[in-house]
Amino acid sequence: MKTYKRILVTSALPYANGPIHLGHLAGAYLPADIFVRYQRMKKREVVYICGSDEHGVPITIAAEKQKKSPQDIVDYFHFRNKTAFQRFGISFDYYGRTSSTMHHETSRAFFRQLESTGVFRKKTEKQLFDQKAGMFLPDRYVCGVCPVCQNDSAYGDQCEKCGSSLSATDLQHPKSVLTGETPVLRETTHWYLPLGDWQEKLQKWFDEKKHWKTNVVGQVKSWLQAGLNDRAVTRDLSWGVPVPLEEASGKVLYVWFDAPIGYISATKEWAAEIGKPDLWQKYWQDADTRLIHFIGKDNIVFHCIMFPAMLMAHGGYVLPDNVPANEFLNLEGEKLSTSRNYAVWLEDYLQRFAPDPLRYYLAVNAPETKDADFTWKEYQQRNNGELADILGNLINRTLTFTAKYFNNQVPPRSDLDPMDQEMIQLLNQAPGQIGDLIDKVEIRKATAAVIDVARAANKYFNDQEPWRTIRSDSKKCGTTLHICLQTLRALAILMEPILPFSAQKLYQILGYTDTIQTEKWDDAGDCLLPAGRKLGRAEILFRKIEDQEIESEITRLKRAGNAQTIDQKAEEPKINQIPIEEFAKIELRVAQVVSAEKVEQADKLLKLLVKVGDQERQIVAGIARHYSPQDLVGKQVVVVANLQPATIRGIESNGMLLAAQDESGKLSIVTLEQPLENGARVR
Ligand SMILES: [Zn+2]
């Protein structure tokens, strides 16, 4: 296999129109995160990119249903999903969004390049138009009877029952989703990507992918065999990236044209954020990059046919080395359904359980080659029987024994018997074996192999009978515990990609103060825990989950599934509204900064003298990490003028400076768009 200098990993961009559920995690996010965490500990150059897909008809339909603007919807779910992923330990290097300026510019430039080199075919055709709503009905704006399987609720872009990809005009008995009206046909012009022009090149590229998963190969083969058609890349919609041509005003790029470009624009934003704005090019345009797209099976055609064709048509970009798409995860034997609210939502799960047991179960039961089933009972069995009884038991008995008989210190190692040697050899080989499996994205096997190390160590512990040798041969007993403790260190590293939270805790119990990510994967089996090391206090890393907890989850699920409708309240942005009178109580005024200085021994604070009208006041502001004093002098800012005085670090503060801060921690003070008189009221 080719050796690469760097790895670029992407996970499918989730639509910012709803929260994340287990099906998403098992498909595109957890496997990618495990893969990336492993590559980081191999000390390889790797970047992990994702973000919100904020365009497309699902967003505008959600907005219309909730009587909100599309922007409100995507703002709300972007931050909500970003936070949920974080809490679950999904370690993106960058989580972008396709409504960003960078993304709009990048996709428009991409389109322009293809347009100027004559790649597109322009066609004027009749399409479905809703006269009552006064708009065309692309994609999911129309539903009707599938011409393939006769399913009567197929959408204009796809039939979810038989999986056929459709055009809106293919549907029999079409109905507008907006008004329920039967649409009429009306002429409109669109730009098409003639995929057939790239068929030969795609076939050649695909034929080299001997390492792809069979489920992916099967789908791509059947697409190529059927022959590739022209695919429209523009839409008559108002929400999206405007087509960068004057003659196409009122049209936007098709969401499946701009969304994959989102991987590129998010990489650009990541590179800019780390202060190396050109670095994105290395990842996207240098042949030594290994590009891997993690997705669910419903996105295979876009990542294995359409996006590669776009990249070929543009030229200068690397093509994916692998697209390890997963099959679907079912729930208690039934298909997950967001419209019926039949799902386990990540945020909801995290309210009652820790992330690691779910990461474990979804990894060991990943839908890698066929659909898998999530059941609460099996979740409990896997947690109690494997995490708690095998891994947790090894950790617990080793630490308890060491505390009791060896003063909680790593005992020295003396002569080795064959069982000791066998255990050490097993540790030496584990990183290579488990690592190879992760590198091949065989996450199920890799996860089982980690537990097998703990299982072998439990057997070793039993066979060596330290509770007996502590009395008859304390040196031998010390050797046994020494090797068990080395196993715990090895396991901490080997389980990090799958169980990052527990791995870090175990690592700290073993007396390390750094984060576990500083360790090298290849050193995991090398017995580097020093004899004499004082250990921390043992704690239960994997608690047992009670029957009662599982029963209440099953009841909760049945109730939600039977409700038949989405609980709209749960979906709606929760903005705490106040009457205008409340707002009027806050006196916001324009002020000018007269002087600014750092506050000694408070590295976050600046002491400002500001002029509000004729009055001068002193304000202490926590912005010293973002602004130096000279940046501020002379600037017009906005202050809360009627705030009760406060004493901060012994300095009186009379008012508050307004500043905005985003999730990444970037901060900007609020300034005026044009100069005004000091003291002017802000409302
Ligand atoms: Zn169908």
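Evaluate the range 534-542: report whether one residue or more is assigned by TED's automatic domain parsing to the domain that holds residue 419, touching a strand residue (DSSP E or B) at 6+ places or on another chain (Cβ under 8 Å) and modelled with pLDDT of 95 or more. Explain how you work it out, then say what you get.
So in the range 534-542, the residues assigned by TED's automatic domain parsing to the domain that holds residue 419 come out as 534-542.
Checking which are touching a strand residue (DSSP E or B) at 6+ places or on another chain (Cβ under 8 Å) leaves us with 534-535.
Narrowing the set further to residues that are modelled with pLDDT of 95 or more leaves 534-535.
Yes, there is a match, as at least one residue in the range 534-542 is assigned by TED's automatic domain parsing to the domain that holds residue 419, touching a strand residue (DSSP E or B) at 6+ places or on another chain (Cβ under 8 Å) and modelled with pLDDT of 95 or more.
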Please work out which one of (1) of a type in the set (D, E, K, R); (2) surrounded by fewer than 18 Cβ atoms within 10 Å (Cβ to Cβ); (3) at pLDDT 95 or above is the condition residue 68 fails and give its number.
(3)
Applying the selection to the range 473-529, what residues are more than 25 Å from the chain's Cα centre (by Cα), assigned to a helix (DSSP H, G or I) and within 16 Å of residue 40 (Cα to Cα)?
522, 523
In the range 185-217, residue surrounded by the most Cβ atoms within 10 Å (Cβ to Cβ) [restricted to those that are touching a Leu at 6+ places or on another chain (Cβ under 8 Å) and part of a helix (DSSP H, G or I)]
202
Return the residues of the range 632-645 that are loosely packed, with under 15 Cβ neighbours inside 10 Å and either of a type in the set (S, T, N, Q) or free of Cβ contacts under 8 Å to residues at least 12 places away in the same chain (or both); say none if nothing qualifies.
642, 644, 645
Which one of the conditions (1) exposed (fewer than 15 other Cβ atoms within 10 Å of the Cβ); (2) farther than 30 Å from residue 369 by Cα; (3) not β-branched (Val, Ile, Thr) does residue 271 fail to meet, given that it meets all the rest?
(1)
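Consider the range 485-500. How many of its residues are polar (S, T, N, Q) and closer than 23 Å to residue 32 by Cβ?
Qualifying residue count, the range 485-500: 0.
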So residue 52 ticks every box in (1) in contact with a helix residue (DSSP H, G or I) (Cβ under 7 Å, 6 or more places away or on another chain); (2) surrounded by fewer than 21 Cβ atoms within 10 Å (Cβ to Cβ); (3) not aliphatic (A, V, I, L, M) but one. Which box is left unticked?
(2)
Being surrounded by 13 or more Cβ atoms within 10 Å (Cβ to Cβ) and within 16 Å of the ligand (Cβ to nearest atom), is that true of even one residue in the range 106-127?
no
All positions within the range 580-602 that are hydrophobic (A, V, I, L, M, F, W, C) and exposed (fewer than 12 other Cβ atoms within 10 Å of the Cβ)
580, 583, 584
When only residues in the range 146-182 that are part of a strand (DSSP E or B) and under 35 Å from the mean Cα position of the chain (by Cα) count, which is farthest from the ligand (Cβ to nearest atom)?
176
Could you look through the range 1-41, keep only residues that are in contact with a strand residue (DSSP E or B) (Cβ under 6 Å, 6 or more places away or on another chain) and assigned to a loop (DSSP other than H, G, I, E, B), and pick out the one that is surrounded by the most Cβ atoms within 10 Å (Cβ to Cβ)?
16
Which of (1) surrounded by fewer than 16 Cβ atoms within 10 Å (Cβ to Cβ); (2) in a helix (DSSP H, G or I); (3) in contact (Cβ under 8 Å) with a residue 60 or more places away in the chain; (4) not aromatic (Phe, Trp, Tyr) is the odd one out, the single condition residue 436 does not satisfy?
(3)
Check residue 50 against each of (1) under 28 Å from residue 495 (Cβ atoms); (2) in a helix (DSSP H, G or I) and name the one condition it does not meet.
(2)
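The values are calculated or read from the model by the stated rules, or taken from the named source; none is laboratory data. In this text, all values refer to a predicted model and were calculated from it rather than measured experimentally. Reconstructed Cβ throughout: ideal geometry from the backbone, glycine too, with neighbour counts over all protein chains shown.
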